[in-house]
Every structure is written in C-alpha cells, then in structure tokens.
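Throughout, read-outs are computed from the coordinates displayed, never taken from laboratory work. This is a predicted model, so every value here is computed, not measured. Glycine gets a Cβ as well: all are built from the backbone with ideal geometry, and neighbour counts include every protein chain shown.
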Amino acid sequence: MSISITSSVTNRSMARGLVPLCAGAGVYLFFLSAGEILLRDSDSMWQIRIGQWILDNGAMPYTDVFSFTRFGEPWISSSWLSQVLYAISYGPGDWAGPVILSSIAVGATITIFLYLLSPYFDPARAILIAALALLESASHFFARPHVLALPFLLAFIGGLMVAADRRTHPSWWLLPLMAIWANLHGGFVFGLALIGPIGLEALWSAEPSRRLQLAVRWGLFGLAALVASCLTPYGWNTPMGALKILSLGKLLSLIWEWMPVDFSKFTFFEATLLTLIGVAFYRKLTLSVPRILLLVGLIWMAISHVRNIEVFAFLAPLVLAKPIAEQWGTAEAGGSAIEEARSAPLITILATVAIIAGGWTSTKIFVAQHPFMFLPSVTPVAAVDLLQKRHAQRIFSTAPFGGYMVSRDMKVFIDGRAELYGEQFVLAYFDATEARNVGQLLGLLDKYQIDATLLNPTSPAGYALDHVKGWKRLYKDDFAVIHVRSDETKTSALPAAESSN
C-alpha cells in the first residue's frame, strides 16, 4: 500500500512539475500559428531599424538619425538589446524571426507564471488564472521590446514576492535579471519602484526581532538593483531616459496605449476586475495593509494606462496567491512544483528536451509553409514607392506610417518615439492631423517646408487639403492618400532632409 501511495505522489509531482513547461510550449505554438496578431504595430519596424543601425555602426545611438524634424537632437535607446535581438532575427521582408522571438517570450512568461503560482494553486486553477491573464494582455502583445522584457519582469517581481511570502530578503540572483531587463526595455523602473512596497510586506509579516535586519537587507538589495539597472551602454543615463516618457503630460492621454481605461464600454478587463472584487467580498478575503496597497496600486496603474493591464493581469495573482491559498485552501498538498521537479530531475530534463525538439520541428515546418505579413494598413507600399520615385524629402505623415517609412530609409516627420519629439510637438501634430484649424495645419506644413503629405484616407487633414489652394491630391488607395504642393518648382527646390537642421 505504501508503494502505491508513493507511486501516486511521484506521478502527481512529476505532472505538476511539467505542467508549466507544457503550458508554455502550447502558448508559444499558439502565438506562432497566429503570428499576424503580433504584427499589428508599425513601431516594430523602426525598432528593428534601430537594431540594424547599432549592428552596422557598432555603436549606440546618442542622437536622432531617423527624422528630419529632430535630426541630430539628443536621444538614447532604452530598448537597445531588444532592438538588436529583433534585428538579428529579422530577414529582409521576412517576419518569421521576430514572430518566433516574441512567441518564445510569451511562452516563457506563462511558464514562469505557472511556476510562481504552483505552491498556492493546483494545476487546474493555475492554468485558469494564466488563461485569464493571457486574455487580459493579448491586445498589447506585439513584436516589440516590452514583450521580450515580460519574462524578466515577471521573474524579477515574482522573486520579490517569493521573498516576501517567505518573510526573508530577495535572492541576489535577481540582480542579473534586473541588468538584462534594463537593457531590454525601459519598464525596469517599475521593478525598482516595487522593491520598497514588496519589502514592506516582508517586514510586516516578519517577527519584530527580525525586522531591522530584514529592512537593512532589503535596502541593500534595492541599492544593488539600482546599480544593476545602470549596467547598460548608457550607464546612469538609463533610468533617467526610461523615465522621460512619463514627462509627456497631456500627451499620454492621446496615445492609445497610454490612455486611461474607458469604462463607458464593458470590457473583459472591467468584467475581470469587478468579478475579483465581488468574489473577494463574498469569500471574505483578508489582506495585509502592504498587500492592499500593492493591489490598489496595480489597479490604479491599469486604470490610468491601458498598457498596464498586462502588468495587473500577471502581478495581481502573485500578490493574492498566498492569502487565497491560506484562507480558501486552494493549494494542493505536496509542496511547490519547483521542489517536486527536483525530485525527478532526469525526467524533467528529458521532457524539456523533448518539448524543445518538438517545438523546433513544428516551428520549421510551419514557417516554411506560412509567410508572415504585416498589416497593409500600416505598410502603404504603393504610396511610399511613388513618393520615393518623386524623390520627396520632407513628408508630413501620420505616426503609424513612420515605422514603415524608417524601414524604407526615409527621414520622417514623426514616428512612435514620443519622448524624442516632446509634448508640444506631438500635440501640434495631433491638432494638424485632425485639421481642427486649417490655418494651423498649413502653418505647420510651411514651418517644416513639407513638400508632400502621406495620410490615411479618412484623415481630416487629407480632406482639408483637397480644398486648400496650393495643394493637390496626387494619389489615393485603400490605405493612404498623398497630397503635394501644386507649385512643382517649390518642391524641387527644397533642401534635403539631412541638411535642414
């Protein structure tokens, strides 16, 4: 009988240890098979172009080289490592590499997430929570640096929560994660900001006699993490550059991913949030003051900026996991999946090798038969071909077209780097594209000596230029409309973009 029980526990332990790996592989294959959903944002194109510039020049950018409106002005890339990785994976016109890289990152995120949840939830509940987190976050999954940084975000902050749950100090092995995260994406400042609040939870639940020692260790770790975040080519400028986006003021409310949540429409996020509140009240969940502050902070971040919904989706369960397990009895007996996996390392290693081999084989077969294409709405190929044929130099375009134009080696009026252009410039750009004041639109076109415009067909600015003396429509298709100055001699006499600043 004891042999039977031991065999049952061993089988269950191996299953729980392998669930995160299998789930992560499944998520990877799903996003690979639906790769086009990762290719919806033209920012991916200028990110890759910057990575190519870094590789070609063997140096880091310190000034802008891709626009004619900010050419030569100070600018650093807080996502340089992600951009280089995307550039290496990208082949001319072939988006398979960036899709594979992004899909691996999403799959790794789910694997780490399930490992972190495993001490507190049985596999079925953990997978349900992971599925909900994916659904919450999917709208912000693009082939962009924040996706590559997501596994490191989760591993670092998850490591902090593990330390808080165990009433101890963070592992020093988290510092390399912070260093890598800081080179991948500017969101690492969020990880630095959470060290204090999560450390407060560790102090709150620790014995009074240990609190001073614990506070010193958390403080030292925070300082070490700050130093680790500066282990980048930009050194101490890295945190300052990453924070620059937060100084854009009113502009943040106009950029889609920085907009606040619109509760006038019922969304999946709203449904999840209200359900969480309702269930917590019904089951009388009790949280410590630091955990309440953490949860409220995550909710506030998600409500304030749409892009933070994914942070809430993956971190809120980690904040709630231990109290739920202790008060609702959701944990399955037998310890954590990590500890159980160590009891059968050979099987885990063999299973991991098999999963990787199967995933790689499936990837090669699928990619060979499926070309990945970017959305044509942000890649106006025919319109840009015409502009290049006419040797247009100073083109006023919408920001979504900027990424594609940069990929075609064209100097742009604006692209997705809002921190480079600044609040006033981008607000003037928005006013011009909306054509709220035609005189203001024409003034902007004259100020920057614009010789052609490249707008989407429904742009109010495009409609306005149809009726403005001195401008004429040259081209229109389903994705773009071009206007040029009607005085052709002015167009040919304009200086080149590079020498205009």
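Things worth noting here:
- Axis of helix 309-328 versus longest Cα principal axis of the chain: the two differ by about 10°, to the nearest ten degrees.
- When peptides 306-316, 450-460, 420-430 are ranked by their average number of other Cβ atoms within 10 Å per residue, the highest-first order is 306-316, 450-460, 420-430.
- Nonlocal amide H pairs with PHE372, under 5 Å, H built at 1.01 Å: TRP95, ALA96
- Rounded to the nearest 10 degrees, the inclination of helix 174-184 to the longest alpha-carbon principal axis of the chain is 20 degrees.
- A simple rule links phi to the HN-Hα coupling: the Karplus curve 6.51 cos²θ - 1.76 cosθ + 1.60 with θ = phi - 60°, which for the stretch 121-137 gives 9, 5, x, 5, 5, 4, 5, 4, 5, 5, 5, 5, 4, 5, 5, 5, 9 Hz, with x for Gly and Pro.
- FRET E, pair ILE299, GLU36, Förster distance 51 Å, beta-carbon r, rounded to 0.05: 0.95
- Per-residue ellipticity at 222 nm computed for the chain from its helices equals -20000 deg cm²/dmol, with DSSP H segments shorter than 4 residues left out and the rest contributing -39,500 (n - 2.57).
- Set of lysines with alpha-carbon distance to LYS284 below 19 Å, sequence-local pairs under 8 removed: LYS322
- Under-20-angstrom lysine pairs by C-alpha in the stretch 376-499, whenever the two are 8 or more apart or on separate chains: 11
- Counted charge near ALA131, where neighbours are those whose Cβ lies closer than 15 Å (Asp, Glu -1; Lys, Arg +1): -2
- DSSP-defined beta bridges in the stretch 376-499 - what % are antiparallel, rounded to 5: 75
- Vicinal HN-Hα couplings computed from phi for the stretch 389-397 (Karplus, 6.51 cos²θ - 1.76 cosθ + 1.60; Hz; Gly/Pro x): 5, 7, 6, 5, 10, 10, 10, 8, 10
- Ranking SER118, LEU128, TRP218 by how far each Cα lies toward the positive end of the dipole of the stretch 107-258 (charges on Cβ) leaves TRP218 at the top.
- Counted by Cβ distance under 12 Å from ALA480, the other residues give a net charge of -1, where Lys and Arg count +1 and Asp and Glu count -1.
- Computing FRET efficiency as 1/(1 + (r/R0)^6) for ASP466 and LEU128, where r is the C-beta to C-beta distance and R0 is 35 Å, gives about 0.10.
- Taking 0.36 nm per residue of sequence separation and removing the Cα-Cα distance, the HIS391/PHE430 pair yields an extension gain of 11.4 nm.
- For the chain, a simple Cβ point-charge model (Lys and Arg +1, Asp and Glu -1, everything else neutral) yields a dipole of about 520 debye relative to the Cα centre.
- Net +/- balance of residues flanking HIS140 in space, Cβ distance below 13 Å, scoring K and R +1, D and E -1: -2
- Taking all Cα pairs closer than 8 Å and separated by 6 or more residues, the relative contact order of the chain comes to 20 percent.
- When the Cα positions of VAL468, SER407, GLN424 are compared along the charge dipole of the stretch 376-499, VAL468 comes out farthest toward the positive end, with charges on each C-beta of Lys, Arg, Asp and Glu.
- On the basis of the beta-carbon distance and an R0 of 45 Å, LEU350 and ARG167 show a calculated FRET efficiency of 0.80.
- Charge dipole magnitude, Cβ of K and R +1, D and E -1 - the stretch 376-499, Cα centre, debye nearest 20: 320
- Shape call, the stretch 376-499: gyration tensor on alpha carbons, a/c limit 1.5: rounded
- Nearest 10 degrees, 0 to 90: helix 188-205 Cα axis against the chain principal axis: 20
- Extending 7 Å from the Cα toward the beta-carbon at both ALA368 and ARG211 defines two label points whose distance is 6.4 nm.
- Peptide packing for 77-87, 62-72 was compared via the average number of neighbouring C-beta atoms within 10 Å per residue; ordered from the highest value, the list is 77-87, 62-72.
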